[in-house]
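Q: Structure provided below as structure tokens; questions to follow.
The values are calculated or read from the model by the stated rules, or taken from the named source; none is laboratory data. Keep in mind that this is a model prediction, so the values were computed, not measured. Heads up, the Cβs are rebuilt from the backbone with ideal geometry, glycines too, and the neighbour counts pull from every protein chain shown. Surface accessibility is based on the protein's heavy atoms, side chains included, excluding ligands, DNA and RNA. Shrake-Rupley method; radii C 1.70, N 1.55, O 1.52, S 1.80 Å.
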Amino acid sequence: MALHILALLVIMAASPVVPRLVELSYTYNVDAPTSPKLKPFKMTVLQNGTNDLGIWQVHLLFLLSLLSQTSTPLPSLSSHITLRNVCGVHDSHTFVKPFSSVCSEHLYTITPPRHVTLPCVSVPRHRVELNEFCTSEHSGTHVDAPAHYARDTWPVNEIPLERLWRVPGVVIDVSQAISAAKERNFAIPVSELDAWESRHGVIPDRTVVFIRTGWGAKSHNLAEYSGLDNQRRNNFPGLSKEAATWLATHGARHGHPTGVVGVGVDTISVDVGNSTHYEAHQAMYSRNVYGMENLANLDQLPTANFLVTVMPMRIGGGSGAPARIIAELPDEHTAASPRLAQASEGTRLSAELPFLLMAAVVGPLLRHLCRDRGGGRRTYSNDIEL
């Protein structure tokens, strides 16, 4: 019986619950919205098709390069060398530039061999696709680094990983208040945040807070989503200065060592659309709380008890960066919990419970199985008592 229990615990530990993942990012070049005031994402095709350059040709060039470094005279097959580079342009008497994108210069350097030409080699064609893109740091789904609106704060590449990787998340839904107000530039008040905590409990430490305005439903129509008017002003809801300050100072008020680490919205900006001073930006970013804008699928998230991973492009000194943002829902029962159960630890515990259970039970079980029943003396235990 004891061995059966042990086997069951091992199976439980080896088969953890697979979480459900929710994509919170739009897709560039497909449906990612961007403020009309910023440079939108643009991708240019450099090459799309087949390429005459094959791996055998590269290896032959490498061999010829090695031979060229020796003192052995090499036969001259012709007096002229012509090669086709990766862009389909013919170059003569050069090996380095046409193959610099194929043969890494960190591995070896190809030098032009003296008195040698590349013989005609037939190689199979292979598909090549190569693009380049240009865009604003703050286009599509992206992260606002604190340095975006505050001096002496983190640029995007310096945001600590522990504030980006599998942090607890909560969703504060203010869509009904915005609909009732019938005001596009609705400034979300502190009372909405207080009311949420009165229903669901105190926001845990080191949490990402998502503000759901319902504006994401308009993202397919940029004119509606941005609310751009004849004066080229955007019009959409956002955080008031007071609400942004409430979020940024939440940890200090509750004695948390870190506090809220990031705030995300399903609009173009954390501020209201017609803002000119961007006070919500300043209130949060000056305290090293990063922002996330143009979030997708916030309506697919529960109120709390889920994890968030934020993956911005690592741009040195960047004020922001395009980002992939993913929510991790451990299971339906935990995700549907109406009230916070200290999500910062509770959500992680649900995934680790099988391992903790095994550790708690297996130790005493092994002591029981390994006990010397004849003399009552232990042959093995945690204290190594013999």
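Q: Looking at the range 198-206, is at least one residue within 27 Å of the chain's Cα centre (by Cα), among the β-branched types (Val, Ile, Thr), over 22 Å from residue 32 (Cβ atoms) and at pLDDT 95 or above?
A: yes
Q: Still on this structure, please answer the following. Are any residues in the range 280-311 in contact with a strand residue (DSSP E or B) (Cβ under 9 Å, 6 or more places away or on another chain) and open to solvent by 30 Å² or more (accessible area, probe 1.4 Å), and if so, which ones?
A: 297, 299, 300, 303, 311 - these are the residues of the range 280-311 that are in contact with a strand residue (DSSP E or B) (Cβ under 9 Å, 6 or more places away or on another chain) and open to solvent by 30 Å² or more (accessible area, probe 1.4 Å).
Q: With the requirement that a residue be of a type in the set (Gly, Ala, Ser) and open to solvent by 60 Å² or more (accessible area, probe 1.4 Å), what does the range 177-221 give you?
A: Of everything in the range 177-221, those that are of a type in the set (Gly, Ala, Ser) and open to solvent by 60 Å² or more (accessible area, probe 1.4 Å) turn out to be 179, 180, 191, 198, 217.
Q: Okay, moving on. Taking the range 175-188, which residues are in contact (Cβ under 8 Å) with a residue 60 or more places away in the chain and either in a strand (DSSP E or B) or among the hydrophobic types (A, V, I, L, M, F, W, C) (or both)?
A: Across the range 175-188, the qualifying residues are 186, 187.
Q: Spot the failing condition for residue 174; the list is (1) surrounded by fewer than 18 Cβ atoms within 10 Å (Cβ to Cβ); (2) modelled with pLDDT of 95 or more; (3) not small (Gly, Ala, Ser), and only one is missed.
A: So the condition that residue 174 fails would be (1).
Q: How many residues does the range 144-161 contain that are crowded, with 17+ Cβ neighbours inside 10 Å, assigned to a loop (DSSP other than H, G, I, E, B) and under 15 Å from the mean Cα position of the chain (by Cα)?
A: Result for the range 144-161: 2.
Q: Okay, moving on. Is it the case that some residue within the range 245-252 is under 17 Å from residue 288 (Cα atoms) and free of Cβ contacts under 8 Å to residues at least 24 places away in the same chain?
A: So far as the range 245-252 goes, yes, one or more of its residues are under 17 Å from residue 288 (Cα atoms) and free of Cβ contacts under 8 Å to residues at least 24 places away in the same chain.
Q: Out of the range 125-143, which residues are over 29 Å from residue 215 (Cβ atoms) and under 21 Å from the mean Cα position of the chain (by Cα)?
A: Hit for the range 125-143 is 132, nothing else.
Q: Which of the residues belonging to the range 279-327 are over 13 Å from the mean Cα position of the chain (by Cα) and hydrophobic (A, V, I, L, M, F, W, C)?
A: Scanning the range 279-327 gives 280, 283, 284, 289, 296, 298, 301, 304, 306, 315.
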